[in-house]
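These notes are about the structure you will find just below.
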Amino acid sequence: MKAGAGVRVVRIVSGVGAMVLLVGALAGCGDGAPSSHATAVAAGGSVAAAPGSLRLTAPETLPGGYRAQSPAKVSTDHPADSQPAGYESFDGSMVAKYTADVGGVLTIGGAWGTITDPDAVAASAITAMQSPRGTWTVPLTDVDAQDPNDPQGRLKCGVSTEGLLVAAVCLWGDHNTTGVVSFPPWPEGMPATLEQADAADRTRHIRDTMTVSK
């Protein structure tokens with residue numbers, strides 16, 4: 001696959017430091033004015049979870065054969081000034097790392113609260129995580145979120161290259177939670193260990209497993 005010319009990539013594969021930056025990005029950048037929105041009704045008549053009623057947790061294991069390396073780093077500090085862009089209330093964030101059964105490390109950064117504009121949160125995250133040293137082998141593109149808690153949920157997946165490593169990356173966002181999943185990387189030039197569609201499917205299962213009621 002050809003690298004996307006001129007497109008910068010998120011710094012995901014370089015470790016926890018990048019994920020701390022990621023969590024800050026998911027908290028938004030700049031001021032975010034609260035906006036009103038109606039309760040969404042999913043197909044089949046089920047009502048979406050009320051905004052602000054869910055949070056993220058980091059279980060010992062995740063679907064796909066991932067086991068926690070250590071306890072997740074969780075913060076429930078609230079913004080000192082205005083709420084981040086896309087949030088009515090920012091309630092917490094976390095970074096979690098998991099070891100894959102097949103080798104490598106799965107890294108997740110996430111945040112939760114009352115999110116009024118998931119697209120604004122995602123846009124802030126993508127902008128804040130860009131790196132001049134990387135490229136999108138497959139740019140982040142929208143895929144079906146299939147979010148059981150929010151029919152308006154978003155999911156974007158792509159494949160990034162930085163240095164000599166390639167990794168599948170997915171970003172989700174809804175009216176309660178948002179997160180980025182960086183899958184275990186593989187050496188550039190080697191066959192992909194995880195295709196974009198598979199990364200999207202795994203991210204859905206990971207998101208659903210990590211999302212719990214407050």
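The values are calculated or read from the model by the stated rules, or taken from the named source; none is laboratory data. Quick caveat, the model's predicted, so the values are computed rather than measured. All Cβ positions, even for glycine, are placed from backbone atoms using ideal geometry, and neighbour counts span all protein chains on display. Keep in mind that these areas ignore ligands, DNA and RNA; they rest on the heavy atoms of the full protein, side chains included. Shrake-Rupley method; radii C 1.70, N 1.55, O 1.52, S 1.80 Å.
Residues considered: VAL138, VAL212, VAL159. Of these, the only one that is open to solvent by 40 Å² or more (accessible area, probe 1.4 Å), more than 11 Å from the chain's Cα centre (by Cα) and of a type in the set (A, V, I, L, M) is VAL212. Take the conditions farther than 26 Å from GLY92 by Cα, in contact (Cβ under 8 Å) with a residue 24 or more places away in the chain, of a type in the set (Asp, Glu) and touching a Pro at 6+ places or on another chain (Cβ under 9 Å) and apply them to GLU162. Does it pass? The answer is yes for GLU162. Of note, VAL20 does not satisfy the criterion of being modelled with pLDDT of 90 or more, over 29 Å from GLY189 (Cβ atoms) and not polar (S, T, N, Q).
For beta carbons closer than 7 Å, sequence separation of 6+ or different chains, a first residue in the stretch 130-150 that is hydroxyl-bearing (Ser, Thr, Tyr) and a second that is open to solvent by 50 Å² or more (accessible area, probe 1.4 Å) and assigned to a loop (DSSP other than H, G, I, E, B), the qualifying pairs are SER131/ARG8; SER131/ARG11; THR135/ALA3; THR135/VAL7; THR137/MET1; THR137/ALA3.
Residue-level analysis places SER93 among those that are modelled with pLDDT of 85 or more and in a strand (DSSP E or B).
Looking across the stretch 71-98, just one residue is surrounded by fewer than 16 Cβ atoms within 10 Å (Cβ to Cβ), polar (S, T, N, Q) and under 21 Å from SER182 (Cβ atoms), and that is SER75.
Among the residues of the stretch 112-135, write down those that are modelled with pLDDT under 90, surrounded by fewer than 21 Cβ atoms within 10 Å (Cβ to Cβ) and not charged (D, E, K, R). Answer for the stretch 112-135, where residues must be modelled with pLDDT under 90, surrounded by fewer than 21 Cβ atoms within 10 Å (Cβ to Cβ) and not charged (D, E, K, R): ALA123, ILE126, THR127, ALA128, GLN130, SER131, PRO132, THR135.
When the strands (runs of 3 or more DSSP E) confined to the stretch 129-206 are screened for residues that are among the hydroxyl-bearing types (Ser, Thr, Tyr) and farther than 21 Å from GLY65 by Cα, those reaching at least 2 such residues are found at 134-142, 154-162, 177-182.
Taking the stretch 107-128 as the range and being closer than 19 Å to VAL166 by Cα and either touching a Lys or Arg at 6+ places or on another chain (Cβ under 7 Å) or assigned to a helix (DSSP H, G or I) (or both) as the test, the residues that pass are THR107, ILE126.
Among the numbered conditions (1) free of Cβ contacts under 8 Å to residues at least 40 places away in the same chain; (2) surrounded by fewer than 22 Cβ atoms within 10 Å (Cβ to Cβ), tell me where GLY153 comes up short. Failed condition: (2).
Go through the residues of the stretch 189-197 one by one and say whether even a single one is at pLDDT 95 or above, surrounded by fewer than 20 Cβ atoms within 10 Å (Cβ to Cβ) and more than 13 Å from the chain's Cα centre (by Cα). No: the stretch 189-197 contains no residue that is at pLDDT 95 or above, surrounded by fewer than 20 Cβ atoms within 10 Å (Cβ to Cβ) and more than 13 Å from the chain's Cα centre (by Cα).
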